[in-house]
Amino acid sequence: MARKKDSTFPALNTTEAEQIVKELGRALDSHSDWNSKFRAMLVCRTKPKAAVLKPESHTKTVFGKWYVGQTNQNLCNHPEFAAVGKNHGKMHALARGLAQNVKDGTDIKPADYQAFVKSVNTFRSGLRKLLSEAWDFLRYTDPLTGVMTRTAMQKNLEDEQERARRNGQTCCIGMMDLDHFKSVNDTHGHQAGDKVLEEIAGYVHGHLRRYDQVFRYGGEEFLIVFPNTTAENAKKVLDRLRKNIKRQAIKIGKTKTLHVTASFGVSELEPTAPTSDSIELADQALYTAKEAGRNRVRIWKPAK
């Protein structure tokens, strides 16, 4: 399945993102519980348990056990995950020093306590960053196709507009629509239609440049953003995709395969006009492609 390109999770789908959100939520809850109990021990000067003073105490907490036993590679390979583990160890090392003060009956230095508080905030911030990114993935990723949603599209287009204004380079957008898609659903069922959408979106997403972007615009329509690309070059890329989409044999069921085609419209992203204007022009070009017989690419050109 395709995935959002600007995510720092190595590879992710919505099921895994949901699991990560659930696990990180529990991790934050267990940390908050530990933090509350530890601070109560400091305030009340309650003798700490022997386990708290051991060098590897952080691996024995609820969070520590979860972290050490984590097997989800999308989470383990995230750069922030390693930082969270390191900060967790540092936080507990500082906590052990404070707990030792309580055990020995000595005063806690303000600087030591502030260092502990800072480490708690750093650790919690890292966890929240991971949680926020997983939530963003769910919010901005189409669960069927794995490409970004129309919700995510607007901000990305505005970012590209700003970049175009700044550097004077052309950005283009392409509208893709699967030809006769209704007949796929009517003839083979909606599960087959979903399979077609997933396969084609995944193919398109996987055969673009790293910084090109794909959004599910609605139904069987997709919008593709080509930064720093002229309309003619965008057309060349879409023509290549168009030809290869037609060749894709999409398996539905055990024995059946389907072949579909797609039509495309291209327009430049106007740096100063509303993004909806540029989308409308690409849509007009798409309409022209369909009127000309489908399975082709057309660039929007002003009427003479």
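FYI, it's all coordinate maths here, none of it is from the lab. Everything numeric in this text was worked out from a predicted model, so none of it was measured. Methodologically, a virtual Cβ is constructed for each residue, glycine included, from the backbone with ideal geometry; neighbour enumeration extends over all protein chains shown.
Odds and ends about this structure:
- Residues T14, T71, sorted so that the one with the fewest Cβ neighbours within 10 Å comes first: T71, T14
- In straight-distance terms, cross-link reach from K47 covers every one of the aspartates and glutamates whose alpha-carbon lies under 13 Å from its own, apart from those fewer than eight places away in the same chain; here that gives D104.
- FRET efficiency, 1/(1 + (r/R0)^6) with R0 45 Å, evaluated for A303 and V68 via beta carbons: 0.10
- Evaluating kT/(6 pi eta Rh) at 37 °C and 0.692 mPa s, with the Kirkwood radius of segment 14-140 over Cα pairs in the Stokes-Einstein relation, gives 213 µm² s⁻¹.
- Charge dipole (the chain, unit charges on Cβ, about Cα centre) - positive-most of A95, Q213, G25: A95
- What you get for the chain, charging only the Cβ of Lys and Arg (+1) and of Asp and Glu (-1), is a dipole of about 1080 debye around the Cα centre.
- Two-site FRET efficiency, N35 against R163, from Cβ-Cβ distance with R₀ of 41 Å, rounded to 0.05: 0.45
- Taking K243, K290 and counting other C-beta atoms within 10 Å, the order from fewest to most: K243, K290
- Cα centre as origin, Lys/Arg/Asp/Glu Cβ charges: segment 14-140 dipole, Debye: 560
- Using C-alpha pairs below 8 Å separated by at least 6 residues, the relative contact order for the chain is 18 percent.
- Within the listed set K60, K182, K49, the residue fluctuating most in the Gaussian network model of the chain (springs between alpha-carbon atoms under 10 angstrom) is K49.
- Of all aspartates and glutamates in the structure, the ones whose alpha carbon falls short of 15 Å from that of K60, not counting any fewer than 8 places away in one chain, are D33.
- Principal-axis tilt of helix 150-167 within the chain, Cα atoms, nearest 10 degrees: 80
- A simple spin-label model places the labels of K254 and S183 2.8 nm from each other, with each point 7 Å out along Cα-to-Cβ.
- Residue of R150, R166, R128 that the Gaussian network model of the chain assigns the largest fluctuation, springs spanning Cα pairs under 10 Å: R166
- Extension gain (nm, one decimal) between T14 and K60, 0.36 nm per residue minus Cα-Cα: 13.5 nm
- Using 0.36 nm per residue and subtracting the Cα-Cα separation, the extra length available between K243 and T261 on full extension is 5.7 nm.
- Applying the Kirkwood pairwise sum to the alpha-carbon positions of segment 99-199 produces a hydrodynamic radius of 19.3 angstrom.
- Evaluated with a Cβ-only charge set (Lys, Arg +1; Asp, Glu -1), segment 187-304 carries a dipole of roughly 780 debye about its Cα centre, given to the nearest 20.
- Dimensionless Rg over Rh [the chain; C-alpha; Kirkwood]: 1.17
- On full extension, the segment bounded by T106 and E280 gains 55.4 nm, given 0.36 nm per residue less the C-alpha separation.
- Ordering K37, K246 from the fewest to the most neighbouring beta carbons within 10 Å gives K37, K246.
- Cross-link pairs exceeding 21 Å between alpha carbons, from the set K243/K290; K22/K54; K37/K90: K22/K54.
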